[in-house]
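A short reminder: the numbers here are calculations on the coordinates, not readings from a lab. These figures come from a predicted structure and were not determined experimentally. Cβ sites come from the backbone with ideal geometry, for glycine too, and all protein chains shown count toward neighbours.
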Amino acid sequence: MCREEAAELSSLKPQLEELGVPLVAVVKENVGTEIQDFRPHFAGDIYVDEKKHFYGPLQRKMGGLGFIRLGVWQNFIRAWRSGYQGNMNGEGFILGGVFVIGPGDQGILLEHREKEFGNKVETADVQEAVKKIAPVK
């Protein structure tokens, strides 16, 4: 999750708390001050998945050639104009995603897998998925 997306999702935290839904980030590594630098942009808990179990058995990657894609540059420019910048630390080729997961048997209510660097989830889609979460009885 990029810092821009983290800030947008964090803006939903009051609504999520009202519904009893936690806001959580799962990151693949903590290189240097990476999490500390990410913290101001993300209002929820941050967990490190060093073994990358959450990323699945078939990790989705975009290699260096991804930087020649127009969409990647448009995403980079959009984030930069909004005042966000990334970092060049650690392994940066594994694509991430955003999930809304309901309790018990509800499972995944929203799955947004990043298609290219900087491809963000729509916060309206997250809000709609959160409304579908049924309380645990």
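Computed values, structure above
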{"read-out": "Summed side-chain charge close to ALA6 - residues other than ALA6 whose Cβ falls under 12 Å, Lys, Arg +1, Asp, Glu -1", "value": "0"}
{"read-out": "Over region 96-137, equivalent-ellipsoid semi-axes from the Cα gyration tensor in Å", "value": "23, 11, 5"}
